[in-house]
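Notes follow the structure.
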C-alpha cells in the first residue's frame, strides 16, 4: 500500500488523546486545593507547598511505584477505577514511613490503544484516592504505544511528592519491649500477583469469575480490592505518640519490610493471633504449596502498615497491637509466632 503516512495510520490517535484529556479535566481539577497555581501551561503543574515556613528543616520526599501484574486481572471499568486507587495508594503510603505529608501525585499511563472508558475510570480512581490522601493530582502523561504494547495492554506508574520536617524524622533507636502496631490490609494490595496468579489460576484451576466459598465472593472481586490510603491513620498516630520507625508493607512482604526497620541485634516478633489474616493468603499457600517463609517474604499477610512505638504508647485508636521488638541475632529479623 502506498501513499503518505500519518501518525494515526501508524497507530497513534492524537485526537483521541485530546478528547480523553478534555474528559478528565474536571475530575483532575477536583483534587486541586488553593496551593495549586492555575497557569495554563501544558508542560508542568505548579503547586505552592503549605506549612514549610513552620518547619525547622523542610525536606521534599518523593516516591515512584506501579501496580505490577495486578493490571492483568482488570476487565471492567470499575476494575480500572480500583487500579487508579491502587496506584495512588502504593505511592502516597510510601511517603508515610518518613513522616511526610503528601503534596502531589503524577501518573503515567501507557496503552497499546487508547480506551477512553478504561482510562477515564482509572483517573476517577486516582482522583478519589488523591482527595482521600489530601494531595493534588497535579498532572500526568498518557501514551499510546501500538508497537510496544498490545491493544488491550495497559501500563501504570505513579509518582508522589511530599513534605516533611527533617527535624522530626522517625529516627529514635528501637529497644526490646517496644510495641509493634499495624494497620490491617484489605488483601494482596498490589504486590505478589505473579505468584498469586500462578498459584490460584494455574495450580488451583480457578477462574476469575468463580465464586470461591472460602472468600465469600468471586476470585476477581477478592484480588481486585484496592489498597487502602493510610494517610489519615498515620497522621492520627503521629499526633499522639512517638513513632520510632514505620514501614509500608509492599514488595518484600511482611518479612522484608518489617526487617528493613529492625537494626542488628534485634528482631520483630509478630503474634499471629493479633490480627485477621484475609483467607486469600491461605488459599494461595494451599493451591501453590507455598512455604510459609515464602508467603511472608512475598505478601503482607494481613498487615498493610507497621509502626514501632514505646510500649507505654501502644494504645492508639484504629491501630492493632500485633507484636514487640525483642533481642535477636541472625538473618530472621521478623518472627511470626
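Values quoted throughout were computed directly from the atomic coordinates according to the rules given, and no laboratory measurement underlies them. It should be emphasised that the depicted structure is a prediction, and the values quoted were computed from it without experimental measurement. Cβ atoms come from the backbone with ideal geometry, glycine included; neighbour counts cover every protein chain shown.
A few remarks follow.
- Three principal axis lengths of the stretch 244-337 [C-alpha, angstrom, descending]: 41, 33, 21
- Going from the residue with the fewest nearby Cβ atoms within 10 Å to the one with the most, 298, 18 rank 18, 298.
- Efficiency of FRET between residue 221 and residue 50 - r from beta-carbon atoms, R0 45 angstrom, step 0.05: 0.70
- Take the Cβ atoms of residue 57 and residue 286, set R0 to 35 Å, and the FRET efficiency comes out at 0.10.
- 0 to 90° range, to nearest 10: angle between helix 77-95 axis and the chain longest Cα axis: 50 degrees
- Pairs of alpha carbons in the stretch 179-336 whose separation is greater than 18 Å (percent): 58 percent
- Taking the C-alpha atoms only, the angle from helix 116-133 to the longest principal axis of the chain is near 40 degrees.
- At 1.002 mPa s and 20 °C, Stokes D of the stretch 14-166 from Kirkwood alpha-carbon radius, µm² per second: 135 µm²/s
- Listed by Cβ neighbour count within 10 Å, with the fewest neighbours leading, 8, 269 appear as 8, 269.
- The stretch 61-127-the stretch 194-270 distance, computed between alpha-carbon centres (Å): 17 Å
- Global geometry of the stretch 169-232, whether rounded, prolate or oblate, following the gyration tensor of its Cα atoms and the 1.5 cut on a/c: prolate
- With both residues required to sit in the stretch 14-166, DSSP beta bridges show an antiparallel share near 70%.
- Maximal additional length on extending the residue 172-residue 332 stretch stands at 55.4 nm, based on 0.36 nm per residue less the C-alpha distance.
- Between residue 293 and residue 194, the modelled labels are 2.1 nm apart [label points 7 Å from Cα along Cα→Cβ].
- Overall form of the chain per C-alpha gyration tensor (a/c, 1.5; a/b vs b/c): oblate
- With respect to the chain, whose longest principal axis is taken over its alpha-carbon atoms, helix 14-29 is tilted by about 40°.
- Exposure proxy ranking for 70, 244, based on other Cβ atoms within 10 angstrom of each Cβ and starting from the fewest, stands as 244, 70.
- Overall size of the stretch 38-85 from C-alpha positions, given as principal axis extents largest first: 46, 29, 16 Å.
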